[in-house]
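The values are calculated or read from the model by the stated rules, or taken from the named source; none is laboratory data. Please read all numbers here as calculations on a predicted model, not as lab measurements. Backbone-built Cβ (ideal geometry, glycine too); neighbour counts: all protein chains shown.
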Amino acid sequence: MDNNAILDHIFEITSDLYKQMSVNDSDISNDHAEIFRLLTELSKVLVNADRASFWKWDKRSHELWTTAAVGTGKITIPEGTGMVGKALAEGRTIITNDPYNHPDFNSAVDKKTGYVTKSILVMPVSNCKGEFIGAYQAINKLSDDGKFNMEEDVRRLSMAAFICGITLESESFLDDSLHDKLTDLKNRMGFHHDYNNTYKKLLDNPDEIHTVSLFICDIDFFKKVNDTYGHNAGDAVLKHVAGMFRQNSRICDGIYRWGGEEFIVILPETSAEQAAEIAERLRMVIMDSVCEFEDLSIKVTMSFGVTEIDPMKSIEENINIADEKLYTAKQNGRNQVVL
């Protein structure tokens, strides 16, 4: 590809980027997936690579994963591993033109797919505070010698890395706003974000019938925990309960701290009866567990109200129905599930 063709390709991608960033459409998710895809394509063109991928550092899950990849599928690896992990840990660009002899190169994907990696460039991406939050990876330089050049290719890639850093920082701010700082579960805002972008679309699908249920629950006599042991112990109990929910829920379930000692769990492809069974299992797991805090061993129970979501009602109306069931559980003696 000659220089004019490369420039035309770059201008085409940046034009698409501008259009994508100017879109204001409620049907489009806020996760910037298309923007990252375009930025990854831009990086591939800028350094004239056969393949490229953008890796996000997810500090909550302690993983690195590709939010956009050109020529490969999504790959997830533990943080600190591979060439991407090394570049982020050391805060520097890494190039190898002999990857099979590089100690941090993982050849498993090549062995599985038959692809031959000849050269790799990994460039970390930072936010405005200088904290590294992601990385570009370009594979196989399309030049006569097939080798990446530290000075020239890093200079070319810096434009895409700068834009990507700003975009990723914006996404990180959004992600933080959707999470509860104490339990690290998603919060009420996160619930509505997920419901509108995922679960409501399932229920509104005209071609398929989907069943979605939810339950709302709270910790019995939580005020007594705070009054007896102090608010730090209460915080420990909230984190303990959140951990029990994570360990005993499906990947597809949404778990949210609704506020105070209240939690909501939303369960796709689940009837009300199935949701009640899941809630009952969680009730027993939490009842049998112990929250260890300093020299204290604290035990709590929880009450649950369950409903199947009626798509003809608003989500607020559905939550109110589940909340009425929770109120019944409390009135009937607590530590129980009411459907």
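If a residue has to be part of a loop (DSSP other than H, G, I, E, B) and of a type in the set (Val, Ile, Thr) to count, how many in region 228-286 make the cut? Explain how you work it out, then say what you get.
Keep residues of region 228-286 that are part of a loop (DSSP other than H, G, I, E, B), which gives 230, 248-253, 260-261, 269-271.
Of the ones still in play, those that are also of a type in the set (Val, Ile, Thr) are 251, 270.
The number of residues fulfilling the criteria is 2.
Pick from region 95-104 the residues that are in a loop (DSSP other than H, G, I, E, B) and without any contact (Cβ under 8 Å) to a residue 40 or more places away in the chain: which of them is nearest to SER61 (Cα to Cα)?
Taking region 95-104 as the starting set, the residues that turn out to be in a loop (DSSP other than H, G, I, E, B) are 97-98, 102-104.
If we keep only those that are without any contact (Cβ under 8 Å) to a residue 40 or more places away in the chain as well, we get 98, 102-104.
Numbers: ASP98: 31, HIS102: 27, PRO103: 25, ASP104: 21 Å.
By that ranking, first place goes to ASP104.
Output the number of residues of region 287-306 satisfying the condition of being more than 16 Å from ARG334 (Cβ to Cβ) and either assigned to a strand (DSSP E or B) or small (Gly, Ala, Ser) (or both).
Residues that pass the stated criteria total 7.
Conditions tested, residue by residue: (1) assigned by TED's automatic domain parsing to the domain that holds ASP235; (2) farther than 30 Å from VAL45 by Cα; (3) of a type in the set (Phe, Trp, Tyr).
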position: LYS141; (1), (2), (3): no, no, no
position: ARG155; (1), (2), (3): no, no, no
position: LEU182; (1), (2), (3): no, yes, no
position: GLU208; (1), (2), (3): yes, yes, no
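Check off (1) over 23 Å from LEU296 (Cβ atoms); (2) touching a residue at least 60 places away in the same chain (Cβ under 8 Å); (3) of a type in the set (Ser, Thr, Tyr); (4) part of a loop (DSSP other than H, G, I, E, B) for THR167 and give me the number that stays unchecked.
Of (1) over 23 Å from LEU296 (Cβ atoms); (2) touching a residue at least 60 places away in the same chain (Cβ under 8 Å); (3) of a type in the set (Ser, Thr, Tyr); (4) part of a loop (DSSP other than H, G, I, E, B), only one is false for THR167: (4).
Considering (1) over 27 Å from the mean Cα position of the chain (by Cα); (2) within 19 Å of THR211 (Cα to Cα), say which one VAL265 fails and leave the rest.
Unmet condition: (1).
Might you check whether a residue that is modelled with pLDDT under 95, of a type in the set (Val, Ile, Thr), exposed (fewer than 15 other Cβ atoms within 10 Å of the Cβ) and at negative phi occurs anywhere in region 230-252?
Yes, the conditions are met somewhere in region 230-252.
What number of residues within region 193-207 satisfy the criterion of being surrounded by fewer than 16 Cβ atoms within 10 Å (Cβ to Cβ) and touching a helix residue (DSSP H, G or I) at 6+ places or on another chain (Cβ under 8 Å)?
0
Might you let me know whether region 141-161 holds any residue that is farther than 11 Å from ASN48 by Cα and surrounded by 19 or more Cβ atoms within 10 Å (Cβ to Cβ)? It would help to see each step written out before you state the result.
First pass over region 141-161, keeping only residues farther than 11 Å from ASN48 by Cα: 144-145, 149-152, 154-155, 158-161.
Keeping just the survivors that are surrounded by 19 or more Cβ atoms within 10 Å (Cβ to Cβ) gives 160-161.
Checked against the condition, which is being farther than 11 Å from ASN48 by Cα and surrounded by 19 or more Cβ atoms within 10 Å (Cβ to Cβ), region 141-161 yields at least one hit.
Name the residue that is farthest from the chain's Cα centre (by Cα), counting only residues in region 105-135 that are part of a helix (DSSP H, G or I) and of a type outside the set (Gly, Ala, Ser).
From region 105-135, those part of a helix (DSSP H, G or I) are 108-113; that's our starting set.
Now drop any that are not of a type outside the set (Gly, Ala, Ser), which leaves 109-113.
On the way: VAL109: 23, ASP110: 27, LYS111: 29, LYS112: 27, THR113: 27 Å.
Checking each candidate, the answer is LYS111.
Assuming ASP175 fulfils every condition listed in (1) touching a helix residue (DSSP H, G or I) at 6+ places or on another chain (Cβ under 6 Å); (2) not in a loop (DSSP other than H, G, I, E, B) apart from one, which condition is it?
So the condition that ASP175 fails would be (1).
Tell me which of these ILE286 doesn't satisfy, since it passes every other one: (1) farther than 30 Å from HIS210 by Cα; (2) in contact with a strand residue (DSSP E or B) (Cβ under 7 Å, 6 or more places away or on another chain); (3) not hydroxyl-bearing (Ser, Thr, Tyr).
Of (1) farther than 30 Å from HIS210 by Cα; (2) in contact with a strand residue (DSSP E or B) (Cβ under 7 Å, 6 or more places away or on another chain); (3) not hydroxyl-bearing (Ser, Thr, Tyr), only one is false for ILE286: (1).
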